[in-house]
Amino acid sequence: MADLSVPSYTLDFGSIYEEYNFTYNDSGFTINPDTQPCHTFSIPEAVMIVVHVFYILVFLLAIPGNLVVWLVICLSKQALPPSDLYLLHLTVADLLLALTLPFWATSLTKGWVFGDAMCKIVSIFQELSFYSSILFLTCISMDRYMVIVRAMEPRRANRQLISWGVCAAVWTVGAFLSLPGLLNSAFISHNSSQIVCAELYDLSSADEWRLATRILRHTLGFVIPLAIMLPCYGVTMKRLFHIRGGLQRQRAMRVIVFVVVAFLLCWTPYHIAVMTDTFFRTKVVPYNCTARTAVDKAMFAAQSLALLHSCVNPVMYAFIGEKFRKRLLQKMRQMGVLERTLSRSSRSSVTSEITSTFM
C-alpha cells in the first residue's frame, strides 16, 4: 500500500505538496531556533480513499451537467446578451476544472504518475478555471449594475462586440495569472517515497517568488473581484426592490445571485486558509505547531469544497432557473427525446432583457 502521509499539505491550485524552503518541518521554518520543527500531519488512508471517490463523483456530475448547460445556451436562436455570454464562458471554465479532477484523484492514492509535462498542464488548467470563473462572475455583476441601476442600454451590436472583447480579456488575464503553474514540477518528495506535483522553486529565491505569486493571486484573483462584485449586486438588488415590477425581476435575478453565492461558499474558505498559510510562511503572524497543523488540515478540506464548485452551477440551473428548465425541455422535444407537447406557457416564455434570456 502506498505511503499516504502528506507533507505540509497545501494544494495551492494544483500544487499537491509544498516543498523545500516552505516545508514546515525544515529547519528554516521552525518557530524559533530553540524549538523543534513542527511535524507534518498524516491523513488516514480511509480519508484519502473517500476524497478520491468524492473527486470522481464530482467529475461524473460536472462533465455532463456543464455540457448540457453549454449546449442549451449555444443552441439558442437569439443573440446572447452579455450576461448569458459570460455564463457560457463560466461553464467552459467549470469544464476545465472538472477535467483536472481525475488527475488529482489518482495522485491522492498513487502519487503523481502522469509526468512533468502533465503536472504543468493540469496545474495551469486548474488555476485558469478559478481566475476566469471569478472574473466572469465579476463581469456579470457589472453588466447587471449597468443595465438595471444605470439604465445603460447601448445598441445590441455594440453590446455583442464589447461582451466578446471582455471575454477575450478575461481569458487573457486568467492565463496570465495561471502562469505560475509552469513552475510546478513532478519530483520525488523528500518527506515520502511518492512522486508529487508541486511548486518547485530555486532555494535561493523560493520565499520571494512564492510570496509574490500568492499576493498576486489573492489580490487580482479574489480581493479586487470581490470588492467589485458585492457592491454591484448590493446596489442592483436594492434598486430592484424599489422599482415597479421589481418582484418579477428579483425572481429573474435569483439564479445569477445563487451562482455568485455558490462560488463564494466554495472558494472563500480555501482562500482564507491559503491567506492564513501565507501569513504563517512569511512570519507576519506568529504561529505554533497546533495552528500550523490546523491550517494544513483546513486547506485539505477547503480544497475538496472548492473543487465541488465545478458541478454546482448546472444543479442550480436545473432547480432554480425556470427559464433554463423550459429551454432544456424545448430542446429535448426538438431532438425527439421528449414528446412534442409544448404548453402555451412554454411557448410564451418570453425573456426579459433586463435580466437574462437564459435564466
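The values are calculated or read from the model by the stated rules, or taken from the named source; none is laboratory data. Because the structure is a prediction, the values reported are computed rather than measured. All Cβ positions, even for glycine, are placed from backbone atoms using ideal geometry, and neighbour counts span all protein chains on display.
Assorted remarks:
- Exactly one residue out of ASP84, ASP116, ASP34 is buried (at least 19 other Cβ atoms within 10 Å of the Cβ) and at pLDDT below 90, and it is ASP84.
One line per residue, one yes/no per condition, for (1) at pLDDT 75 or above; (2) in a helix (DSSP H, G or I); (3) touching a helix residue (DSSP H, G or I) at 6+ places or on another chain (Cβ under 8 Å); (4) closer than 23 Å to THR100 by Cα:
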| position | (1), (2), (3), (4) |
| --- | --- |
| PRO269 | yes, yes, yes, yes |
| ASP277 | yes, yes, yes, no |
| GLN303 | yes, yes, yes, yes |
| LEU308 | yes, yes, yes, yes |
| PHE319 | no, yes, no, no |
| GLN330 | yes, yes, yes, no |
| THR341 | no, no, yes, no |
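- Set side by side, the residues ILE148, ILE73, ILE121 differ, and just one is more than 15 Å from ASN313 (Cβ to Cβ) and more than 20 Å from the chain's Cα centre (by Cα), which is ILE148.
- Hey, SER133 at pLDDT below 90, closer than 22 Å to SER310 by Cα and not basic (Lys, Arg) or not: yes
- All positions within region 162-199 that are under 19 Å from ARG217 (Cα atoms), surrounded by fewer than 20 Cβ atoms within 10 Å (Cβ to Cβ), out of contact with any strand residue (DSSP E or B) (no Cβ under 7 Å at 6 or more places or on another chain) and in contact (Cβ under 8 Å) with a residue 24 or more places away in the chain: TRP171, VAL173, ALA175, LEU179, LEU182
- Some residue of region 229-244 being at pLDDT below 85, surrounded by fewer than 21 Cβ atoms within 10 Å (Cβ to Cβ), of a type in the set (A, V, I, L, M) and in contact with a Phe, Trp or Tyr (Cβ under 6 Å, 6 or more places away or on another chain): no
- The residue pairs whose first member lies in region 130-142 and is farther than 16 Å from ALA98 by Cα and without any contact (Cβ under 8 Å) to a residue 60 or more places away in the chain, whose second member is of a type in the set (Ser, Thr, Tyr) and surrounded by 24 or more Cβ atoms within 10 Å (Cβ to Cβ), and whose beta carbons are closer than 8 Å, counting only pairs six or more residues apart or on different chains, are PHE136/TYR86; CYS139/TYR86.
- Criterion: modelled with pLDDT under 85 and part of a helix (DSSP H, G or I) - qualifying residue of GLN126, GLN160: GLN160
- Of all residues in region 203-221, those that are among the aliphatic types (A, V, I, L, M) have Cβ atoms under 7 Å from Cβ atoms of residues that are at pLDDT 80 or above and in a helix (DSSP H, G or I), 6 or more apart or on another chain, in LEU216/LEU177; LEU220/LEU177.
- The numbered conditions (1) assigned to a loop (DSSP other than H, G, I, E, B); (2) among the small types (Gly, Ala, Ser); (3) touching a helix residue (DSSP H, G or I) at 6+ places or on another chain (Cβ under 6 Å) are all true for ALA62 except (1).
- Meets criteria (among the small types (Gly, Ala, Ser), surrounded by fewer than 22 Cβ atoms within 10 Å (Cβ to Cβ) and part of a helix (DSSP H, G or I)) for ALA79: no
- For region 102-111, the condition holds for no residue, the condition being that it is touching a Gly at 6+ places or on another chain (Cβ under 7 Å), free of Cβ contacts under 8 Å to residues at least 60 places away in the same chain, among the small types (Gly, Ala, Ser) and in a helix (DSSP H, G or I).
- Looking only at region 163-186, and only at residues there that are in contact with a Lys or Arg (Cβ under 8 Å, 6 or more places away or on another chain) and hydrophobic (A, V, I, L, M, F, W, C), the one that is modelled with the lowest pLDDT: LEU182
- The residues of region 304-330 that are of a type in the set (S, T, N, Q), surrounded by fewer than 22 Cβ atoms within 10 Å (Cβ to Cβ) and touching a residue at least 60 places away in the same chain (Cβ under 8 Å) amount to a single one, SER304.
- In this structure, ASP207 qualifies as farther than 24 Å from VAL261 by Cα, assigned to a helix (DSSP H, G or I), modelled with pLDDT under 85 and acidic (Asp, Glu).
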